[in-house]
Each structure stands twice: as C-alpha cells, then as structure tokens.
Amino acid sequence: MTEQTIFRKARLADGSLVDLHVMDGRFNAITPASAAGLSAGTDLGGQLVLPGFVEGHIHLDTSFYGDAWRPHIPCTNGFDVRERVAFQARNLSAAAPMAERAKNQLELCIGHGSLAMRSHVMVDGSVGLKHLEVILAICEKYRELIDIQLVAFPQSGILSSPGTPEFLDEALRLGCDLVGGLDPASFDRDVKAHLDVVFGLAGKHGVGVDIHLHDGGTLGLFQIEEIAARTTALGMGGNVAVSHAYALGDIPADALARAGDMLAASGVAIMTNAPGNHAFPPVAALRKAGVTVFSGSDNIRDSWWPYGDGDMLNRASMIGYRSGFYEDWELEAACDVVSYAGAKALGLEGYGIEVGARADFVVLKAEHVPEAVVAVPGERTVYRAGRVVAKDGAVL
Ligand SMILES: [Zn+2]
C-alpha cells in the first residue's frame, strides 16, 4: 500500500525552505515551502534537515557501552597494538553478553542519527566466528532501523593467528560484506603475504576491503602504496578503504601530495576518526586531491580508549576542530565527511535529500550546517524511510 507524507518547512543545507514529500519510504517530490495555512503533514518549523549520518567505522563486538566501566589500561612502553589486543581479550572475558553490548551501541548511534554503519567484527584464530554469529543476529534485528555492513576483521593478525584465513573465508560465506586487515607490516611482518590473503578473499567472494593501518611514516606509506596498487590492478576502485592511515598525517608535504593523487586515482578511501593523540590524515588536502575521506566513532568505551558517544555530528565537530576548520565551507566539509562522503565510501544506494533517495533524515535545531557542526545540537529527530525512529537521542 502506498502512503504519501509531507514534511513542511524543512531547511535544506543550501538554505532553501522546502516541503519534502515522501512516498513508500522515498522522497518523491521536493517543492518550495507551501504557503501558510496548509496543515497537512508534519511542520518542521524551518529546522535543518540533513541526510542520516554514516557511521563508517565502529566495533559493535568489543564496546562496553552500557556495561560496567572498564578503567583504561595504559600500554607499558607507548602505543602497542599487540598489547592492546591482549588487554581487550582480558576485558572481554568479564564483559556483559555481546548481544546486549552491541544493542546498546546500535541504539546510541541510531539515536544520534546514524542510519548507515560499517562495523568491524573480530574474526581470527582467537575467537573464530563466535563474535560474528552474535553480531549477525543482532544486525538482523535492527535491519529496519539501520543499514549495516560488516567487515571480517582479523584483530589478532592473519599470519600471526593460525586458522585466520579459513575463518575469514567462512565469515564472508556467512554474510560479511567486506574483508579487513591489520597492520600487514608491523603486526604480521609480511606485507605481501598479508595482502595476498585479504585481496585473494575479496576477489573470491566479490567483496570490498577495509584495512586497519596504524603504522606511521614511511612504513605506513609503503603499505598504502601497496594497497592502492592492488586496488588498481584488480579494478577494485571505490571498494577499498584504509582506516586510520596515520602515516598520511606525518609524512612530508610532497610525499602527501603524491599519496593523495595515488589514492584518488586508485579509488581508495580513507577513514579517520580524528584521534586525540595521533597525527591523522589531513582531511582538507586529501579531499582537495579528490580522495573520499569518511569517518566513524571507532572505539566507544572499549579496551582501546574510553571516549566516544556514537554521534557523527559531534565527530564532524571533532574533525573540524582538529583540522583547524573555521570557515563555513570548511565546516560544511566536516559535515560532508560524516554524510555524503561516508555514503560514497560505503557505496550506499539512494542517499541524500533528493527525489528518489530514501527518506532517511535527521531534523536538527540549527540554522544551517556550519552552526550544526560547531553547536552539535542534542535536540534532534531521526526519520528512517519517512518514519520517526528516534528523538533526542532515544530510539523509539
Ligand atoms: Zn577500528
């Protein structure tokens, strides 16, 4: 059955005041705001309407959000991925059931307006498919509320963790949308062999790739080059992402310029959460080069750090703050990273506020996008396919 709904007096990002017409969960017309006196539909009162945010990198299986507080354990001698993985294993053994923790985190994100998500899920020799089975079931329960892509993520390495290639293969058969990786050089100490498994599985299953890469400097850049070269050779542009890519934040300007051109040409997207104490990819320079830069909360209350609130608008604010964005066009770019650029990185169909797109949107108490990014209004209403699903942070 078809049903027509009208949302009146919606303020779009370009400042125009319009009526949004929704039929069968999609925008079927966008017209200038109707004259006063009309009472049909919902009056948005000139509030800002943005498309649902894109949470491009999160870990649904390892968060303790809503569980008991876990004090952060510092590494003994500076940041060490292997040591953090060991802390995580210890913490998870005493955690509340995973389904409950994942549900808490999903509702946190949806409540803030994220309606599409990419979550990495541990799949390796240490946990096998146990995490994935729980997360697949919980995602199925939330499919009406949010689109979720799952990455089979080898948290304990691929070569370092016996059985991992086979588990990743099985995870992709079970329904993972992408295959992940983890610091091919510093963690597995064999870039070629690590990437052979990742890209081999991607080709076998016809899925995308999203690799965690913390390695900095020349070592990190070398791996980014290897990933870009394989992406080009395999014609996988648009389906490959490097998450974190800290190296891009600490290489000289000329090397960065070359890397930006290479990433743009190969179609490799970069995910950054603008971490607090790391050099991170220069968002403006990469965007200028034509690279798709997207973002995510990454860790929320987990064994890696205690921060995170699942609000991608707040993430846009952090990206802008850390990037030194002050001008309106820069603040709009920060918002783009958590919305349209995220949709491009995730390959979402029918995204945006336009005729034909899915009516997934967030209504905010803000005059325009720059104000939304700096003020991060908490008062907001989230619509999925034209129906209210969350208000002021709470899923209805
Ligand atoms: Zn991550």
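All of the numbers you see were taken from the coordinates with simple rules; none came from a lab. All values reported here derive from a predicted model rather than from experimental measurement. No Cβ is skipped: glycine too gets one built from the backbone with ideal geometry, and neighbour counts run over all protein chains shown.
Taking a straight line from the alpha carbon of residue 288, these lysines sit under 25 Å away, with near neighbours fewer than eight places off in the same chain left out: 344. P(r) tail for the stretch 181-266: Cα pairs beyond 23 Å make up 16% of the total. Excluding same-chain neighbours fewer than eight residues apart, the aspartates and glutamates reachable from residue 204 by a Cα-Cα span under 16 Å are 166, 169, 170, 177, 196. Here r is the Cβ-Cβ distance between residue 232 and residue 192 and R0 is 22 Å; the resulting FRET efficiency, rounded to 0.05, is 0.85. Centre-to-centre, using Cα atoms only, the stretch 59-99 and the stretch 355-379 are separated by 33 Å. Computed across the stretch 111-192, the Kirkwood hydrodynamic radius from all distinct Cα-Cα pairs reaches 13.2 Å. Computed per residue of the chain from DSSP H runs no shorter than four, each worth -39500 (n - 2.57), the mean residue ellipticity at 222 nm is -10500 deg cm²/dmol.
Cross-link reach is defined here as a Cα-Cα straight distance under 12 Å, omitting same-chain residues fewer than 8 places apart; for residue 103 the aspartates and glutamates meeting it are 61, 67, 140. So what is log10(I(q)/I(0)) for the stretch 31-148 at q = 0.11, 0.20 1/Å, when the Debye sum runs over its Cα atoms only? The computed values of log10 I(q)/I(0) come out as -0.51, -1.16.
For the stretch 63-215, the C-alpha radius of gyration divided by 2.2 N^0.38 Å, with N the number of residues, is 1.05.
Evaluated with a Cβ-only charge set (Lys, Arg +1; Asp, Glu -1), the chain carries a dipole of roughly 400 debye about its Cα centre, given to the nearest 20. All C-alpha pair distances within the stretch 239-324, sorted into 10 Å bins from zero, spread as 18, 51, 26, 5 percent across the bins.
By the Cα gyration tensor, the chain has an equivalent ellipsoid whose semi-axes, rounded to whole angstrom, run 35, 23, 20 from largest to smallest. Return the FRET efficiency for the residue pair residue 86, residue 387: r is the Cβ-Cβ distance, R0 is 35 Å, and the value is rounded to the nearest 0.05. Step by step, r from the Cβ atoms, then E = 0.20.
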